[in-house]
4 protein chains.
Amino acid sequence: MHTAPIAVLGGSGYAGIELTYLLAHHPRARLEVVSSDRWVGDSVAKQLAISGKAGERVYASFDEAAERAKECAVVLLATPAEVSAKVAPGLLAAGCKVIDLSGAFRLTDAGVARAYYGKDVESSKSDVAVGAYGLPEFFRDEVVDAKLVANPGCYATCAALALAPLLEQGLIARTDLVVSAVSGVTGAGRKATEEYGFVAIDQDVRAYRVLAHQHTPEIAQTLQRRVESSGGPIDLTFTPHLVPLARGILSTAYARLAVQASSADLTAALSKAYANEPFVTVARSPNDVSLKQVVGTNRCVIGVACEAKSMGRVVVVSAIDNLLKGAAGQAVQNLNLVLGCDEDAGLTQLRRFHT
Amino acid sequence: MHTAPIAVLGGSGYAGIELTYLLAHHPRARLEVVSSDRWVGDSVAKQLAISGKAGERVYASFDEAAERAKECAVVLLATPAEVSAKVAPGLLAAGCKVIDLSGAFRLTDAGVARAYYGKDVESSKSDVAVGAYGLPEFFRDEVVDAKLVANPGCYATCAALALAPLLEQGLIARTDLVVSAVSGVTGAGRKATEEYGFVAIDQDVRAYRVLAHQHTPEIAQTLQRRVESSGGPIDLTFTPHLVPLARGILSTAYARLAVQASSADLTAALSKAYANEPFVTVARSPNDVSLKQVVGTNRCVIGVACEAKSMGRVVVVSAIDNLLKGAAGQAVQNLNLVLGCDEDAGLTQLRRFHT
Amino acid sequence: MHTAPIAVLGGSGYAGIELTYLLAHHPRARLEVVSSDRWVGDSVAKQLAISGKAGERVYASFDEAAERAKECAVVLLATPAEVSAKVAPGLLAAGCKVIDLSGAFRLTDAGVARAYYGKDVESSKSDVAVGAYGLPEFFRDEVVDAKLVANPGCYATCAALALAPLLEQGLIARTDLVVSAVSGVTGAGRKATEEYGFVAIDQDVRAYRVLAHQHTPEIAQTLQRRVESSGGPIDLTFTPHLVPLARGILSTAYARLAVQASSADLTAALSKAYANEPFVTVARSPNDVSLKQVVGTNRCVIGVACEAKSMGRVVVVSAIDNLLKGAAGQAVQNLNLVLGCDEDAGLTQLRRFHT
Amino acid sequence: MHTAPIAVLGGSGYAGIELTYLLAHHPRARLEVVSSDRWVGDSVAKQLAISGKAGERVYASFDEAAERAKECAVVLLATPAEVSAKVAPGLLAAGCKVIDLSGAFRLTDAGVARAYYGKDVESSKSDVAVGAYGLPEFFRDEVVDAKLVANPGCYATCAALALAPLLEQGLIARTDLVVSAVSGVTGAGRKATEEYGFVAIDQDVRAYRVLAHQHTPEIAQTLQRRVESSGGPIDLTFTPHLVPLARGILSTAYARLAVQASSADLTAALSKAYANEPFVTVARSPNDVSLKQVVGTNRCVIGVACEAKSMGRVVVVSAIDNLLKGAAGQAVQNLNLVLGCDEDAGLTQLRRFHT
């Protein structure tokens, strides 16, 4: 079967490694180019114990790989936002399609992008045709046609999947949204600091970037796009927390009922919205959602309940693997849309560990 | 120095063990009676490696200990709510003061108590002079005079310390309060089930009892008591989560500004409220609060920030050790008030582990 | 492509769940029957989130499944030793091939088997044609021809793979062998006891069954079969330890040099022995072996070093995933041999988590 | 009561922090000087949340503290070996007593010291009167009289306490000793590297410095000093392993019976040897030793068993907290001997966490 040549830039970061594993077993895509300045000259087999063709690939320097990537059908950028902002225009000009896992192209408001990602990211926005926001469950058609796909943030994916259908169906109010989420440590990327040392993280939990995290405007932007603009702006507060785990995000979102509805009504609304989605599962209750159901997979599991009263509080719990549905898995889902193959290609054999 | 004779009923539960350690090194109290049906006949030294007089105590059966406890000045009940409800009246009748660590005597509304703890608890309420709610930072004077002290719940302590001063000073609105908290597994008490097995809990996070946890009315009751009743009812949503740690609670509370205020104003308000409190520390920012600062100690650390706009969102992060400030430590703090000795007696040498 | 019908008895234990996942993606075998008394009536899809044909299978009671299994080509027993001992003869009589993951058929000496597994296991030995010991790297030819395959123990696999080639090549002495190994908690199977509760296991390490573990004679038996009987008996001490992890075994084996040899010589000897083995990797040094290299895979990684002196001490470190190469993965490897398909069928897409 | 002025150099390393906590609650010693280049100018209260006099101390630069330390009765060095080697002579010359927690002064053979710690350490040996090796259970009298105390290594403490009495009483052979131990990550000191990052360490176990760890000659030296030199040299192999925990060492030592003896005989021999030792507890069996019994305390727990045959294998399991009995706790024990106060002063209120 024909396979499309794919490049991965940033192959030794956590998301880059996941991409490499996923592409190694993908039926319709083949890893052609992969960069890593730290592993340059080593084979993928040596670093990741991957057998077969993908294992034979040799890590190239970023500069060399960025050049060779121009021959590939699709380039996956697992690079920092400022690097993605810099390298994407040239790849697009060379005719590649680009899926960027960083935050460089996610925010449509240049001022907001600059505020959260710095001026290098903002200025790049004007240079490239802004493409699709790659949350397939909501923007599938745009992704299919896009030259540039901004792969969503991990928290943004988890929270938007939980809240958007309820907003869209008018069940909850736009104001008064709170998202309180916990994440494993890989969400922060590779670190060689004492702050991310085992002794510092182990046995600890803390909130970080309170009222200042860059996924706040990203979640709000997605939710805003899913509702009538006439209904006023989304008002959202988001707090991320670090827990002593490597992988996984569990988000607990709070809203107010906008109409009379029961927990069963809300669950039904989610079930309807995701009836044909291979990667979203609706649980019977928010008590039935847990990290272990999703870690190792590209799935999102969501459960909802509400108070049985007018304007009662709604609680939506959702979970994803931050490196899969929150990064590399979703990037492959987008890749599949771009390539026109089955949306779950390369993603069906992922599994959670029961243990 | 004179020491008061103390009984601990329920000595082999997590809170009972903590009480035993604390009493073993208490300058003004001595462990006289301790019950444990599972360890009956064993010495405290054997089970807990405690030296000195406390180590020489021998675990008695519950029935025997409950009888002998009547000779003690104060009885600490580390028993399930229904057991506390049953045994407390007799102890009070015998002239003992009682500090109950269960939920049996916390809720003043009998209907609410029955709804969350069952009818045995509710019916007992009418039999005893309802005493003080033992959150010393707010109700110190009542505790000093009480015959029966209801030691607060762990989540309830953590959340109420975070929110009450801001409500009391009119800085935040009573409506629209959300508390999202994570807890270590000891919060659930000793369990011999697969659900609390290592393999089930390890690497997992989940919410539980969503919209149904018994600490919800307890938090609301405390907050309500701290504000003018004319201002309307407290509207609070609380979601507890389980994280794979043994000890510690981190609570993230969300509210709305009721007046124009900055993060610095809110921090100052907390600092003022707790200026003379030995066990509450106000951090510069919610980002500076973490479990490790409190686990192993009787401290609560609190940090707050808000959006710089009218009716902006307020985020208050607070942390305690669920078995100390959330249970046994606070019980000793209450014991000290009851005995009339220094409020921090027996609690000053507790330490966090930096590692 | 033709697929062979397979039955799994004991489908909701840790090994049974792993078998189900592996069979769900196996190119030449299909899950036809699966038992679980706790999940009877539920689909595999519901319990394990497995899609496709395997997901459609419904858990049957043990008795029903044991009957229906007789129609299958191969029956995988993920049952306790006494159950395996009881059910295997009937399945063999019905013409099935049987791969047993318990200890029921591993030990060839009936007295030793009885001593470690009880008299039910021993008495069953005489009823069945004793088949192969399913460590393919050493006994591949026997497995191919066997009707009954005794799938090795997890520790036994890890230690035997480390030591056997060095013994076989006369590089280390048979006497004075010590194996000190640590294992994750799934090694003990599902437990609903306080002893295996999260709070008990977390932050703890301990040795167990010191000088009394049932894998001791199993390791010795394997090593003995790999050397000339004239050289005297194997003398082995084995100590297992429990660490607060779900999965993985790391074994550190100690021996004495029997001839003049360097660390490089020993590494070369292992490399030669495993040159054509898809699931065994020889590391450059024992310092380069770690659990993360193997957890999630069917691999064993081994590294060796020795003191540079006559009769110097040899240290061999090896690692496996106790539920894969130590149980279900190896069972599938044996299944592949029994079915005559590629030995790595259904096992190539397993991956470790880099994170 | 009179308190002796104490200096701690290296106050922000893991051992330095533990020393600070211990001295803060010591009845006969007071923290007078404490160094930390990273925390210079901050109070101890700010960094460690310690109240009272010790909390008021302000961290000084190393150079300033080293100078001011000369006024103290005892200087505790929690510094790297090369720093200790450099600074100790001047402190001794100024009349201070010195307790060094590094490896600088532990090894009596200069060549061995040089091989493991480098030439700076070896050359310093000739400059100072070599003092006592501070394992009080074996060398108490020397410590009492010493000007310089070399505080033992963590693994060395744990292994020597397990083996020495059995060797001394002629119960086990000197040859054929194997020590296989696991340690928490604080044993490696503070690190800001990816290798010690949470994601790298979590869920992993590995051996390190196989056949090359610096505690190997230290253990051998201690054991050799406890036996008649006529009996030949100690032959010891030691392998350390890293487990994903912050604190604690569990050592499993293997030996051969030198005489006919039972497990009960060996247990009795240990019990006799440690009958009057406040910090050593003998368990009924090696299966009864676990990390949780010791972490947070200055205790060592030891259990032993053997094969019931001539020259049978002996297994001795022992556990300590690597930062307390393996570092700071033992340093305070030595300090107490040097000061002539109760050996357990400042160490009695330490407790393990049952949870």
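Some points to look at:
- Tallying residues that are part of a helix (DSSP H, G or I) and out of contact with any Lys or Arg (no Cβ under 6 Å at 6 or more places or on another chain) within region D:211-230 yields 12.
- Odd one out for B:Glu142, checked against (1) open to solvent by 30 Å² or more (accessible area, probe 1.4 Å); (2) assigned by TED's automatic domain parsing to the domain that holds B:Gly248; (3) over 13 Å from the mean Cα position of the chain (by Cα): (2)
Table: residues versus (1) modelled with pLDDT of 95 or more; (2) within 15 Å of A:Ala159 (Cα to Cα).
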{"site": "A:Arg284", "(1), (2)": "yes, no"}
{"site": "A:Asp288", "(1), (2)": "yes, no"}
{"site": "A:Gly303", "(1), (2)": "yes, yes"}
{"site": "A:Met311", "(1), (2)": "no, no"}
{"site": "A:Val316", "(1), (2)": "yes, yes"}
{"site": "A:Leu350", "(1), (2)": "no, no"}
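- For C:Val178, the requirement of being of a type in the set (A, V, I, L, M, F, W, C), touching a residue at least 60 places away in the same chain (Cβ under 8 Å), out of contact with any helix residue (DSSP H, G or I) (no Cβ under 8 Å at 6 or more places or on another chain) and in the same structural domain as C:Val316 (by TED's automatic domain parsing) is met.
- Any hit, region D:233-251, residues being in a helix (DSSP H, G or I), crowded, with 19+ Cβ neighbours inside 10 Å and within 14 Å of chain C (Cβ to nearest Cβ): no
- Residue within region A:1-14 that is open to solvent by 20 Å² or more (accessible area, probe 1.4 Å), over 25 Å from the mean Cα position of the chain (by Cα) and either modelled with pLDDT under 95 or within 14 Å of another protein chain (Cβ to nearest Cβ) (or both) present: yes
- Taking the numbered list (1) assigned to a helix (DSSP H, G or I); (2) closer than 29 Å to A:Glu307 by Cβ; (3) more than 21 Å from the chain's Cα centre (by Cα) in turn, B:Val199 passes all entries but (2).
- Here region B:159-176 is the region considered, the condition is being within 14 Å of chain A (Cβ to nearest Cβ) and assigned to a helix (DSSP H, G or I), and the residue that is farthest from the chain's Cα centre (by Cα) is B:Ala162.
- Residue, surrounded by the most Cβ atoms within 10 Å (Cβ to Cβ), within region B:264-277, restricted to residues that are assigned to a helix (DSSP H, G or I) and of a type in the set (D, E, K, R): B:Asp265
- Verdict on C:Val179 being in a loop (DSSP other than H, G, I, E, B), at pLDDT 95 or above and within 14 Å of chain D (Cβ to nearest Cβ): no
- The residue list D:Ala212, D:Ala220, D:Ala192, D:Ala200 contains one member that is facing another protein chain (nearest Cβ under 9 Å) and buried (at least 20 other Cβ atoms within 10 Å of the Cβ), which is D:Ala200.
- Flag for C:Leu337 being in a loop (DSSP other than H, G, I, E, B) and either at pLDDT 95 or above or open to solvent by 10 Å² or more (accessible area, probe 1.4 Å) (or both): no
- Options C:Val316, C:Val282, C:Val294, C:Val301: the member that is over 17 Å from the mean Cα position of the chain (by Cα), within 14 Å of another protein chain (Cβ to nearest Cβ) and open to solvent by less than 10 Å² (accessible area, probe 1.4 Å): C:Val316
- Subset of region B:111-132 [closer than 18 Å to B:Thr79 by Cβ and modelled with pLDDT of 75 or more]: B:Ala113, B:Tyr116, B:Tyr117, B:Gly118, B:Lys119, B:Asp120, B:Val121, B:Gly131
- Per the listing B:Thr108, B:Thr157, the residue uniquely modelled with pLDDT of 95 or more and among the hydroxyl-bearing types (Ser, Thr, Tyr) is B:Thr157.
- A:Arg225 within 23 Å of the chain's Cα centre (by Cα), in contact (Cβ under 8 Å) with a residue 24 or more places away in the chain, open to solvent by 10 Å² or more (accessible area, probe 1.4 Å) and within 14 Å of chain B (Cβ to nearest Cβ): no
- Checking C:Ala261 against (1) crowded, with 20+ Cβ neighbours inside 10 Å; (2) within 13 Å of another protein chain (Cβ to nearest Cβ); (3) part of a loop (DSSP other than H, G, I, E, B); (4) at negative phi, the condition it does not meet: (2)
- Scan of region A:313-334 for residues that are touching a strand residue (DSSP E or B) at 6+ places or on another chain (Cβ under 7 Å), of a type outside the set (A, V, I, L, M, F, W, C) and not in a loop (DSSP other than H, G, I, E, B), ordered by number: A:Arg313, A:Ser318, A:Lys325, A:Gly326, A:Asn334
- When the residues of region B:29-60 are filtered to those that are open to solvent by 10 Å² or more (accessible area, probe 1.4 Å) and part of a strand (DSSP E or B), the one that is farthest from the other protein chains (Cβ to nearest Cβ) is B:Glu32.
- Checked against (1) surrounded by 19 or more Cβ atoms within 10 Å (Cβ to Cβ); (2) more than 14 Å from chain D (Cβ to nearest Cβ), C:Thr186 passes all but a single condition, namely (2).
- Among the residues here, A:Ser310 does not qualify as outside any loop (DSSP other than H, G, I, E, B), of a type outside the set (A, V, I, L, M) and either buried (at least 23 other Cβ atoms within 10 Å of the Cβ) or within 14 Å of chain B (Cβ to nearest Cβ) (or both).
- Listing of helices (runs of 4 or more DSSP H) fully contained in region C:61-127 that carry 1 or more residues being without any contact (Cβ under 8 Å) to a residue 24 or more places away in the chain and open to solvent by less than 60 Å² (accessible area, probe 1.4 Å): C:81-93, C:110-117, C:119-125
The values are calculated or read from the model by the stated rules, or taken from the named source; none is laboratory data. Fair warning: this is a prediction, and the values are worked out from it, not measured in the lab. Glycine gets a Cβ as well: all are built from the backbone with ideal geometry, and neighbour counts include every protein chain shown. Please note that ligands, DNA and RNA were not included when accessible areas were found on the heavy atoms of the full protein model with its side chains. Shrake-Rupley method; radii C 1.70, N 1.55, O 1.52, S 1.80 Å.
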